[in-house]
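Visitor: Here it is: the structure, laid out below.
The values are calculated or read from the model by the stated rules, or taken from the named source; none is laboratory data. Because the structure is a prediction, the values reported are computed rather than measured. Methodologically, a virtual Cβ is constructed for each residue, glycine included, from the backbone with ideal geometry; neighbour enumeration extends over all protein chains shown.
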Amino acid sequence: MTKSHENQSVPSFFPAREEPPESVNIHQAKTHFSKLLRKVQRGQEIVIAKAGKPLARLVPMEGAGGPRIEGQDRGKVWIADDFDAPLPDDEAALFEEP
């Protein structure tokens with residue numbers, strides 16, 4: 001069954017969708033942040049409200065979470081043959097504790 005928002009009042013910050021995003025209060029967001037992030041990772045949007053009024057949205061990052069394609073950066077990255085060679089003593093000394 002598909003719901004229609006034609007006769008419902010949905011705030012303009014909600015994108016057109018079947019149902020408005022899940023809404024949680026600040027305490028719930030702090031307590032269940034990891035759980036909410038997993039939902040966002042699956043594509044769900046979460047609204048964080050204060051005193052019942054929407055305050056912020058947790059949304060998936062654009063382009064994040066998609067499958068990685070092997071070799072997609074081939075030819076774009078160069079690594080020197082000696083990238084893991086020991087540093088000169090004067091440079092290595094900069095990383096040592098005083």
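Visitor: Tell me which residues, restricted to the range 74-93, are within 35 Å of the chain's Cα centre (by Cα) and aliphatic (A, V, I, L, M).
Guide: V77, I79, A80
Visitor: On to the next question. In the range 54-69, is there at least one residue being acidic (D, E) and at pLDDT below 90? Break it down into steps so the answer makes sense when it comes.
Guide: From the range 54-69, those acidic (D, E) are 62; that's our starting set.
If we keep only those that are at pLDDT below 90 too, we end up with 62.
Yes: the range 54-69 contains one or more residues that are acidic (D, E) and at pLDDT below 90.
Visitor: Would you mention how many residues in the range 24-53 are surrounded by 14 or more Cβ atoms within 10 Å (Cβ to Cβ), modelled with pLDDT under 95 and outside any loop (DSSP other than H, G, I, E, B)?
Guide: Counting residues in the range 24-53 that are surrounded by 14 or more Cβ atoms within 10 Å (Cβ to Cβ), modelled with pLDDT under 95 and outside any loop (DSSP other than H, G, I, E, B) gives 2.
Visitor: Just one of I69, I79 is farther than 28 Å from Q44 by Cβ, assigned to a loop (DSSP other than H, G, I, E, B) and not charged (D, E, K, R); which is it?
Guide: Values: I69 fails: farther than 28 Å from Q44 by Cβ.
Unique residue meeting the criteria: I79.
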